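Heads up, the thing below is written out as structure tokens.
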Amino acid sequence: MFRAFCPVIAVMVLAGSAQGQSFNINIAPPGVVPPASYGGAGQPGVWNSVTTNSGVYTNGLLDINGTPTGVRFIQIGGFELRVGDDPGTSGADDALMDDCLVTYSPTLETCLYVRDIQIGIYEVIVYAMMPSRPDVMSYVSSNEEPGYPHKVIGGGWPGYHKQGVTYSRHICYVDGGGTYNQIQAHSGIVPGNPAADGAATNGFQIRLLPPQATGDMNCDGAVNAGDIEGFVKAITSDESYSLAHALCNITNADTNLDRYRDAADVPGFVNALLAP
């Protein structure tokens, strides 16, 4: 299948700039920002508001506690900041979802780079709903998610954040193996869809997950029967798991450490349950 791409950009990495590491980023005109009490589909905290001019760095992102960091953000590929007013949204949802960055090129995605972050496992939530255009879909991915899956996102505002409609969720591994310690998220035109409709990006959230604790699906410090329901959710529906255990690490279900959560992890989970 033909795949849109993002250009490779070469920039020096700032020494010692890795900071710790959860960020909320709203793509909007200056001054439009949700309150820190708002979490969207993720965790509440201070939001960075960026206009994302293509190729221009935003330095010193604030983490969700409002602390300045050495983490940098740059966007390549999206050239129109669309300001709208979806009739269904209101309040903080309105601040996040009514504005979006749009790409119209089938061969160039909107590419979001968050650079100089800490090594670890991250939950990445990308908002990609075109306000007032329920017919427009976006093709969302992250390079750091194992297998590099693409997810089709879009539709009408359902009254709340819903995976597959307003956002996609990605579990991403930053292991220091590349030029940068970074997360790359993309939103492009769904193959075969009209380029004139474009593809949207409203914003995104990055959360550093707690250290892996194999089999401990409810994060109570033990592996027992109380973890079975969470394990089943983790290997069948990341949305269900995250709704039930918002602060836990879903990769605790990856018992064979292959970076996937599937039936191959069942024997390891059973062994963890039976361990003395």
Highest to lowest packing among 50-59, 164-173, scored as the average C-beta count within 10 Å: 164-173, 50-59
Using distinct alpha-carbon pairs, which all enter the 1/r mean, Kirkwood radius of segment 107-245 in Å: 16.3
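Size of the dipole of segment 129-198 about the Cα centre, Lys and Arg at +1 and Asp and Glu at -1 on the beta carbon, nothing else charged, in debye to 20? Could you put the intermediate results ahead of the total?
On the way: 4 positive and 5 negative charges, 43 e Å.
It works out to roughly 200 debye.
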Value at 222 nm in deg cm²/dmol, rounded to 500, when DSSP H runs of n ≥ 4 in the chain each add -39,500 (n - 2.57): -3000 deg cm²/dmol
Share of Cα-Cα pairs in segment 219-262 lying beyond 18 Å, as whole percent: 18
Peptides ranked, highest mean first, by Cβ atoms within 10 Å: ranges 79-85, 123-129: 123-129, 79-85
Whole-number percent relative contact order across segment 184-257, with pairs defined as alpha carbons under 8 Å at least 6 apart: 29
Cα-centre dipole for segment 195-276 with unit charges at Cβ (Lys and Arg positive, Asp and Glu negative), debye to 20: 140
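Report the per residue volume, in Å³, of the convex hull enclosing the C-alpha atoms of the chain.
Working: hull volume 36.0 nm³, N = 276.
Value for the chain: 131 Å³ per residue.
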Other-chain or far-sequence residues with amide H under 5 Å of Gly203's (modelled H): Ile27, Tyr127
Integer Hz, Karplus 6.51/-1.76/1.60 couplings in order for segment 238-254, x for Gly and Pro: 5, 5, 4, 5, 5, 5, 7, 9, 4, 9, 8, 10, 4, 6, 4, 7, 7
Relative packing of 208-216, 109-117, which averages over residues the other C-beta atoms within 10 Å, highest first: 109-117, 208-216
For segment 116-130, Karplus couplings with θ = phi - 60° (6.51, -1.76, 1.60), whole Hz, Gly/Pro x: 6, 9, 5, 5, x, 10, 10, 8, 10, 10, 10, 8, 8, 10, 7
Cut-off under 5 Å, modelled amide H: who pairs with Asn48 long-range: Asn24, Ile25, Asn26
Solvent-accessible heavy-atom area per residue, rounded to whole Å², over segment 174-276 at 1.4 Å: 45
Under the Karplus curve 6.51 cos²θ - 1.76 cosθ + 1.60, θ = phi - 60°, whole-Hz ³J(HN,Hα) for segment 182-195, x wherever Gly or Pro sits: 8, 10, 10, 10, 9, 9, x, 6, 4, x, x, 7, x, 5
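The values are calculated or read from the model by the stated rules, or taken from the named source; none is laboratory data. None of these values were measured; they are calculated from a predicted model. Glycine also receives a Cβ, built like all others from the backbone with ideal geometry; neighbour counts cover every protein chain displayed. Protein only, heavy atoms only, side chains kept; ligands, DNA and RNA dropped before computing areas. Shrake-Rupley method; radii C 1.70, N 1.55, O 1.52, S 1.80 Å.
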